[in-house]
1. Looking at segment 48-93, which trypsin sites (Lys or Arg not before Pro) are in a loop (DSSP not H, G, I, E or B) and have at most 15 other Cβ atoms within 10 Å?
2. Starting from the amide H of Val237, placed 1.01 Å from N in the peptide plane, find each other amide H under 5 Å away whose residue is 5 or more places distant or on another chain.
3. Can you give me the Cα centroid spacing of segment 22-77 and segment 355-393 in angstrom?
4. So if I take the centroid of the Cα atoms in segment 211-289 and the same for segment 305-320, what is the distance between those two points in Å?
5. Show me, bin by bin at 5 Å from 0, the whole-percent P(r) of segment 1-132 based on Cα pairs.
6. So what's the net charge close to Ile223: Lys and Arg +1, Asp and Glu -1, counting the other residues with Cβ under 15 Å from its Cβ?
7. Just to be sure I follow the definition: excluding the sites themselves, where is the longest run in the chain that has none of the GluC sites (Glu not before Pro) in a DSSP loop with at most 15 other Cβ atoms within 10 Å?
8. What shape does segment 196-287 take by its C-alpha gyration tensor, where a ≥ b ≥ c are the square roots of the eigenvalues and a/c under 1.5 counts as rounded, a/b above b/c as prolate, and the rest as oblate?
Amino acid sequence: MDSIRIRGGNPLKGRIVIGGAKNAALPLMSAALLTSDPLHLDYIPGLADIATMGELLGVLGCSFSVRKNGGGANIARGTLATPAIKNITAPYDLVRRMRAGILVLGPLLARCGKARVSLPGGCALGPRPVDLHIMGLQKMGARIDLAGGYIVAEAPGGLKGAEIVFPQVTVTGTENLLMAACLARGDTALVGAAREPEVTDLAECLVKMGAEIEGIGTDTLRITGKTELHGATHRIVADRIVTGTYAMAAAMTGGELELIGAHPEHVQAAVDYMRQAGIGITSAGNGILARRGADGIRSVDVTTAPYPGFPTDLQAQAMALMCLGDGSATINETIFENRYMHVPELSRMGADITVNGSIAVVHGVDTLRGAPVMATDLRASVCLVLAGLAAKGDTVISRVYHLDRGYERVEENLAACGAEIERLKEAA
Ligand code: EPZ
């Protein structure tokens, strides 16, 4: 397993191009199961999770290829085509590696009336059930059993439209049912739907594919089912979590980064929070400019919430930022039960954090100190990179395969902006 070594203390200065969002690309790839025509996705990010989803779709009969300049100069284009479903089983060894594999359930059922998808199982963040995905598909007429760790679903006469009310917001639950509804007979309403920009991006692509969807961007999506969808070409929305991550990196290192292609309106809650913390965020050309304000980092409380609230996927990064705050900040993680695994690792670097249930209190310190630390999940790993960039001395982060799932060329991007960072390849 590779590690990353960082010698902290250099202010980051330069420009970073923000790629397509991982959490938009994954459902968009799964949408290719809904049609036999090719689907072209531009700005597809080069990430481990994208490769895993491509592998999973390949098992089902969907081809996936990426051309580096397929969408134009420096625009990677992913092309997917599913002439026919050749297998209905999404195997455990792939879904276990990436829980977003659950996103093939709705499209498979919609396309061919059958699906056998491994339960994703828990992950470091908590149990991560999929009961709302199943509830919605049952309301659409699917018969669903759980057998041997698999969801076995059948809708021999096809899915039918239904009104589905979510008792709580689920991003991939909304996406699974949105895709299923596009090929159902009749009308479907998704009430209490997730409003994340990635959900909106999927809906906009489905409309390009011939779907009929009203209420895009709101918490009530109304879909009129069609007998089939056709291919399309779609530009994947920029990754708002990567945007927020690099903006905080600029602040923590006392530097200034121009984030090309960023959509500030997709991270408004995070922009508001960073501005309260004293970070200068301004629009600049085709993106945003982020830099630490003159009077350092102010400690600011934050509570995670579904969009448009502060994203849980930026919680670990905000905690790293608050480690250098001028006072105490309270962080309340309301989405996942166990999303504080980065706390003991930050503490090894001299952070002063106490956790009680969903609440973490971060007392700012003058400096963090480099140390050997271990990545535990995708966003925790990048929070350790931020801490290492700001710390005095060397930090070595092990198990960086977590990082490779969601951050493209992170060492290259940071090194190009002045960081002393290198990947230590594990001896084969
Ligand atoms: C998506 O996960 C993202 N992943 C996550 O990003 C993100 O943290 C999360 O949404 C919240 O924004 C992708 O989009 C691929 P949820 P998802 O269903 O859809 C509970 C990252 O770092 N729930 O919105 O799996 C669940 O346990 C990843 O990129 C049920 O109880 O999250 C959680 O507490 C991490 N039953 C809450 O809802 C269900 O059927 C939100 O989960 C579904 C969810």
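1. Lys68, Lys86
2. Under 5 Å from the amide H of Val237: Ala21.
3. If you average the Cα positions of each part, the centres end up 33 Å apart.
4. If we compute the Cα centre of each part, the gap is 13 Å.
5. In whole percents, the pair-distance histogram is 2, 10, 18, 19, 17, 13, 9, 6, 3, 2, 1, 0.
6. Net charge around Ile223: -2.
7. Within the chain, the longest run free of exposed GluC sites (Glu not before Pro) spans 1-227.
8. prolate
Read-outs: derived from the displayed coordinates by stated rules, not from any lab. Just so you know, these numbers come straight off a predicted model, no measurement behind them. Note: ideal-geometry Cβ built from the backbone for every residue, glycine included; neighbour counts use all protein chains shown.
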